[in-house]
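Enquirer: Got a structure for you, questions after.
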Amino acid sequence: MSISDDGPVVTNQPDADRVARAVIAFVEILFTEDPRVRACYDAWLERWNRRAARGEPPQLDDMRAMIEDVRQLKTLVLAMRLDAYEHWLPKDLFLRFVNGPDGPLAYSIDLPPGAHWEAAGRHPKHGPIHREDIARNVSWYYRHCIKAPPETVTALALEYARAFVARSEARSVIQDGIKRAKHLLACVKPPA
């Protein structure tokens, strides 16, 4: 990845894959762990169930209802102070709602075919100790920066140290993980 005046830029396919994994993890964490998002989902599900009970099929082609649902999710995203993600997060949360709690969630970054990248990029490491753990970093970002009330870096570091017996570097690992998660999520750009 490189940095431009507009923020981080995806410059190769492995970076695009990392960003896609971060987006999926972020939407999943918000959907499963954040009570504000769950309350919004429960209200959405109740509206669709009421329509079905009245004999109106809860069709996804009802554009007015879909637009209103995404608008409500955008209001929620802004209320959660996630303004930097308002151009993609409401739509992706809505897709998570439509797919339900157990449905698949996919995300990809479309790269122009035959593009000349600034760098070839390295694929994520897969060893048990040095593995790049995007979902873990996104979880730390959620828990420290978005969750209400937020968890402290110290609490996250103690949890990490207990799991990996790495007391001396636990805080820096947490801080670096949060920074990496923010960086990956910042790579999702609004459509041109």
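The values are calculated or read from the model by the stated rules, or taken from the named source; none is laboratory data. Since the structure is predicted, the reported quantities are computational estimates derived from the model, not experimental observations. Here the Cβ is made from the backbone with ideal geometry for all residues, glycine too, and neighbour counts use every protein chain on show.
Enquirer: Output the residues belonging to the stretch 98-112 that are buried (at least 16 other Cβ atoms within 10 Å of the Cβ) and either modelled with pLDDT of 90 or more or not hydrophobic (A, V, I, L, M, F, W, C) (or both).
Expert: Restricting attention to the stretch 98-112, the residues satisfying the condition of being buried (at least 16 other Cβ atoms within 10 Å of the Cβ) are 107, 109.
Listed by number, the list holds a single entry, Tyr107.
Enquirer: Is there a residue in the stretch 45-66 that is touching a Phe, Trp or Tyr at 6+ places or on another chain (Cβ under 6 Å) and either touching a residue at least 40 places away in the same chain (Cβ under 8 Å) or within 30 Å of Arg136 (Cβ to Cβ) (or both)? Can you show your working first?
Expert: From the stretch 45-66, those touching a Phe, Trp or Tyr at 6+ places or on another chain (Cβ under 6 Å) are 58; that's our starting set.
Going one step further and asking which of them are either touching a residue at least 40 places away in the same chain (Cβ under 8 Å) or within 30 Å of Arg136 (Cβ to Cβ) (or both), we end up with none.
No, the conditions are met nowhere in the stretch 45-66.
Enquirer: Which pairs have Cβ atoms under 6 Å, sit 6 or more apart or on different chains, and link a residue in the stretch 149-164 that is part of a helix (DSSP H, G or I) to one that is of a type in the set (A, V, I, L, M, F, W, C) and surrounded by 15 or more Cβ atoms within 10 Å (Cβ to Cβ)?
Expert: Hits for this filter: Val153/Ile174; Leu156/Trp140; Leu156/Ile174; Ala157/Ala170; Ala157/Ile174; Tyr160/Ala170; Ala161/Ala170.
Enquirer: If you don't mind, another one. If you take the residues of the stretch 126-157 that are among the β-branched types (Val, Ile, Thr) and surrounded by 15 or more Cβ atoms within 10 Å (Cβ to Cβ), which of them is modelled with the lowest pLDDT? Please lay out each step first, then the result.
Expert: Restricting attention to the stretch 126-157, the residues satisfying the condition of being among the β-branched types (Val, Ile, Thr) are 129, 134, 138, 146, 152-154.
Right, trim to surrounded by 15 or more Cβ atoms within 10 Å (Cβ to Cβ) and you get 134, 138, 146, 153.
Values: Ile134: 89, Val138: 95, Ile146: 96, Val153: 94.
Checking each candidate, the answer is Ile134.
Enquirer: Taking the condition of being modelled with pLDDT under 90 and buried (at least 18 other Cβ atoms within 10 Å of the Cβ), how many residues in the stretch 158-182 meet it?
Expert: 3
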